[in-house]
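Working notes for the structure below.
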Amino acid sequence: MVYNTDASEAWTTSSMKAQEFNDGRRAHTTKLAVTAMSAMAAETATFPVDLIKTRLQLHGESHVSSRRTSAVRVVAEILRNDGVLGLYKGLSPAIIRHMCYTPIRIVNYEFLRNFLVPADHTLSLSSKAIIGGISGVIAQVVASPADLVKVRMQADSRMASQGLQPRYCGPFDAFNKIIQTEGVRGLWKGVLPNVQRAFLVNMGELACYDHAKRFVINNNIANDNIYAHTLSSIMSGLSATTLSCPADVIKTRMMNQAADKQGNCKYRNSYNCLVKTVRVEGLKALWKGFFPTWARLGPWQFVFWVSYEKFRQIAGLSSF
């Protein structure tokens, strides 16, 4: 009789653990899904600004045109040569990238944050920054090939406007040509500055959003609603842009360069790119595209965080 009772208790405990495991797995899968959906919405809404930012960062790298440019001139040039659809050239690889990048970094950050502290305690801002940076690095390594294709397709439309032949017909053609000419390792070209940027962006974005949101709520500035999410996203967008813009410029130029017929590249590594950029264009060149970057990160984070928090609520998950 005792044996049967013990066996029953063991079975009950095992059943409860299995249920907890299944519930945790479902919650994890749900978080990945709602993060991907929110990222797709945010990327689609703000992609034209990202295209403008990339064009501005590449300006000055080519000697085809030495005329000063601006966001307005870039938009006018795109509309004149490619029409409205030209503002979305490179959207497909951008969506593919965020299907991998954003779910990994967001879910990893939340997991590490909750793993390191009990539910009734909070991490310091510096600890959140480190966790955010690590989560961003992991996600960026996985998503780097799609990011490379996105940057090159955005640069292709600029080449076409200068009367040059575009390198790629589409994202799959870009993947194939890069592998054929540069090898599989070529898909990770620029991964070092890419990872550096991802660390800085997520250090500023995730940590600042998380910390700012709790500051706003704890100080009764707003409840856990769209107002708190909006204020937090603005602050996190500004900090992420300030920290990441130099690395973003270097990353964009490293990823855009393709080997010539002799297999030579313009930049040997990210440090060489940094030195050449500052030497030729000055220190201010490292913040080229700052305002378009901020103009994109602000709306991107607004769309992402508001939709993400709403999707979590609909799915029965707690607030981020």
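The values are calculated or read from the model by the stated rules, or taken from the named source; none is laboratory data. Source: prediction; values computed, not measured. Backbone-built Cβ (ideal geometry, glycine too); neighbour counts: all protein chains shown. These accessible areas exclude ligands, DNA and RNA; they are computed on the full protein's heavy atoms, side chains included. Shrake-Rupley method; radii C 1.70, N 1.55, O 1.52, S 1.80 Å.
Highest first, please rank the peptides 127-133, 174-180, 25-31 by the mean number of other Cβ atoms sitting within 10 Å of their residues.
Result, highest mean Cβ count within 10 Å first: 127-133, 174-180, 25-31.
What is the P(r) of region 229-320, as percent of Cα-Cα pairs per 10 Å bin from 0?
It works out to 15, 32, 24, 17, 10, 2, in whole percents.
Label-point separation (nm) for Gln180 and Leu238, each offset 7 Å from Cα along Cα-to-Cβ?
Rounded to a tenth, the inter-label distance reads 4.9 nm.
Compare the Cα positions of Ala212, Val249, Ile178 along the charge dipole of region 95-250 (+1 at Cβ of Lys, Arg; -1 at Cβ of Asp, Glu; about the Cα centre) and return the one farthest towards the positive end.
Ile178
Quick one: P(r) of region 138-264 from all Cα-Cα pairs, 5 Å bins, percents rounded to integers, in order of increasing distance.
With a bin width of 5 Å, the distribution comes to 2, 11, 16, 16, 14, 11, 10, 8, 5, 4, 2, 1, 0.
With +1 on each Lys and Arg Cβ and -1 on each Asp and Glu Cβ, how big is the dipole of region 181-320 about its Cα centre, in debye rounded to the nearest 20?
Numbers: 17 positive and 8 negative charges, 120 e Å.
Charge dipole of region 181-320: 580 debye, to the nearest 20.
With a 1.4 Å probe and every protein chain kept in, tell me what percent of the accessible surface of region 114-263 is carbon plus sulfur.
Carbon with sulfur: 64 percent of the solvent-accessible area.
Using a 1.4 Å probe and ignoring any ligands, DNA or RNA, find the accessible area of Phe111 and quote it in Å² to the nearest 10.
Taking all protein chains as shown, Phe111 has close to 130 Å².
Show me 143-149, 265-271 ranked by packing, highest mean number of other Cβ atoms within 10 Å first.
Per-residue mean Cβ counts within 10 Å order the peptides as 143-149, 265-271.
Just the number please: accessible area per residue for region 231-306, 1.4 Å probe, all protein chains included, in Å².
Spelled out: the 1.4 Å probe surface of region 231-306, per residue, equals 47 Å².
Quickly rank 210-216, 222-228 as a protection proxy: mean count of other C-beta atoms within 10 Å, highest first. Present the calculation step by step, with values, prior to reporting the outcome.
Working: 210-216: 19.3, 222-228: 14.3.
So the order, starting with the most tightly packed, is 210-216, 222-228.
Any idea what the alpha-carbon Rg over 2.2 N^0.38 Å comes to for region 274-320?
1.92
With every protein chain left in place, what is the accessible area per residue of region 81-130 in square angstrom, probe 1.4 Å?
About 52 Å² of surface per residue is accessible.
Round to a whole angstrom and tell me the spacing of the C-alpha centers of region 76-143 and region 182-222.
Centre-to-centre distance over Cα atoms comes out at 6 Å.
Around Pro171, under 13 Å between beta carbons, what's the net of Lys plus Arg minus Asp minus Glu among the other residues?
+3
Where the centroid of each part is defined by its Cα atoms, how far is region 271-320 from region 24-38 in Å?
Region 271-320 and region 24-38 have Cα centres spaced 22 Å from each other.
Of Ala240, Leu192, Gly316, which is farthest towards the positive pole of region 188-320's charge dipole, taken about the Cα centre with +1 and -1 on the beta-carbons of Lys, Arg and Asp, Glu respectively?
So the residue we want is Leu192.
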